[in-house]
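Before any comments, here is the structure.
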Amino acid sequence: MPRQQISLPGRTGLKTLLVSFVLLFSGLCTSAPLRAEDSATEIARTDPSLDILAPVRHSAENVQNLFGDIKQYFGIRYRFGGQTPSGFDCSGFVRYMFSRSLNMELPRSSTEMSAIGRKVERSELKPGDLVFFRNAKNRINHVGIFVGNDTFVHSSLSRGITRDKLNESYFDKRFATGVRVLDIPEKQIQMEIDKLLKANDENGNPS
C-alpha cells in the first residue's frame, strides 16, 4: 500500500497557527473575569443603549394581555417575598405579570427594577411604565405598574393587589421615578385599561 504523504505547513502557516493559539488561550484566561464584571455592573446601567431591558416593542395584543390579566388578581393578599397568586409582595407581583403576559424577566427587587429601562418623568408616564416609591431613608422600596389616568396597580401591604392614584398624599410625596421597559401603542390599549379600572371598582376598591 502506498504511503500517504502528509504535507506540513510552512513557516507562515506555523506562525499563523501559533498566533491563533496564543489569542485563544488569552481569551480563555480572561473571559470569565470580564463576564463577572459585566454581571456585577449590569444593574447599575441606566443608558438604554447599554441596558438589555431598554424599552421593548410589543404588539397591542401583547400589552392587552398584560392589562387583561392584571384584573384577575385584584384582592390577592400581600405576602412578604411572595411571587405567586397565593400572595405577592410589590416586586413579586410586577415580575410575575411581566413574565406571564409578556415573557419578560425583570429583576427581583424594586431597587434593581428601578435601574433598568429608560427613566421617565412623572408627567411623561404611559400605561405599562413602572412607578417607584421611596421610604423615609430616600431608598426605593416599592413598585407598581402605571395604567394611565394617574393610576397604578400594585401589591399593597394592607389591601393586597389594588389600584391607587399617584396624586394621593401618601404616594405623591414618596414618588421616586418612572421607568419605561415597554414601547407600546398607548391608544390601542385604552379599552383594556378602562376594563381594568372598572373591574377594580367592582371589587370594592376606591376610585
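A few points about this structure:
- Packing, as the average of other Cβ atoms within 10 Å across residues, places the peptides 141-148, 169-176 in the order 141-148, 169-176, highest first.
- A simple count of charges around Ser155, restricted to other residues whose Cβ falls under 10 Å of its Cβ and scoring Lys, Arg +1 and Asp, Glu -1, yields +2.
- Ranked list, fewest to most other Cβ atoms within 10 Å of each Cβ, for Glu121, Glu112: Glu121, Glu112
- Sorting Val120, Val153, Val94 from the fewest to the most surrounding beta carbons within 10 angstrom yields Val120, Val94, Val153.
- Each Lys or Arg adds one and each Asp or Glu takes one away; over the other residues whose Cβ falls under 12 Å from the Cβ of Arg77, this sums to +1.
Read-outs throughout are calculated quantities, based only on the coordinates presented, and are distinct from any laboratory measurement. Worth saying up front: this structure is predicted, and the values here are computed from it rather than measured. Heads up, the Cβs are rebuilt from the backbone with ideal geometry, glycines too, and the neighbour counts pull from every protein chain shown.
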